[in-house]
Amino acid sequence: MSGWRCLISVSFLLTILLELTYQGPPAPLLMMSYSMRSTVVFHCAHTLVASVLLNPHAEAHEAIFDLDLPHLAFISNFTMTINNTVYIAEVKEKHQAKKIYEEVHQQGKTAAHVGIRDRESEKFRISTNLAAGTEGPFTLAYEKLLQGHQG
């Protein structure tokens, strides 16, 4: 399969697999926009997934994205912008990162956590907590080395 066909298939699969979920009432956060852009340079595919969420409620709400990356792809960046301040994700030890996220979540503040789900390295869960009445743009970038074929 050519690099472009593979990338299109991956992009289509990612669009299907990336979903906004919530646990019961009240109504979920609103997804104001969603886009995905892939660029191929030589044998490297760079994909940027961007989403803007809005919390119109009087209390904080959480959104969870499940993301299946292509085999051997890796996340290269995750950022969110809150009140005109850009926050770039930091790599932390798994338990420490989850603890920090839970503490901020309990305070009703905006936070995000990217972690592996189902013990598989290509399956990620992105948890985002948006404070009451805020809008949050989120951007995730991932890279994949494409296999070259002669002919």
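Quick rundown of the values:
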{"read-out": "Set ALA97, ALA131, ALA111: member being aliphatic (A, V, I, L, M), closer than 24 Å to PRO56 by Cα and touching a His at 6+ places or on another chain (Cβ under 7 Å)", "value": "ALA111"}
{"read-out": "Residue match in the stretch 41-50 (condition: among the small types (Gly, Ala, Ser), modelled with pLDDT of 90 or more, within 13 Å of the chain's Cα centre (by Cα) and closer than 27 Å to GLU102 by Cβ)", "value": "yes"}
{"read-out": "Answer from THR47, THR39 - the residue that is part of a strand (DSSP E or B) and surrounded by fewer than 19 Cβ atoms within 10 Å (Cβ to Cβ)", "value": "THR39"}
{"read-out": "Residue check, THR21 out of contact with any Gly (no Cβ under 6 Å at 6 or more places or on another chain), closer than 25 Å to GLY108 by Cβ and at pLDDT below 80", "value": "yes"}
{"read-out": "Condition broken by MET31, with the remaining ones in (1) of a type outside the set (Phe, Trp, Tyr); (2) within 18 Å of the chain's Cα centre (by Cα); (3) modelled with pLDDT of 85 or more; (4) within 30 Å of GLY148 (Cα to Cα) satisfied", "value": "(4)"}
{"read-out": "Those strands (runs of 3 or more DSSP E) lying entirely in the stretch 57-143 with at least 2 residues more than 21 Å from PRO28 (Cα to Cα)", "value": "74-82, 85-88, 111-116"}
{"read-out": "Residue that is nearest to HIS46 (Cα to Cα), among those in the stretch 74-118 that are in contact with a Leu (Cβ under 9 Å, 6 or more places away or on another chain) and among the β-branched types (Val, Ile, Thr)", "value": "ILE75"}
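The values are calculated or read from the model by the stated rules, or taken from the named source; none is laboratory data. A quick note: this is a predicted structure, and the numbers were derived from the prediction, not measured. Every residue, glycine as well, gets a Cβ built from its backbone with ideal geometry; the counts of neighbours run over all protein chains shown.
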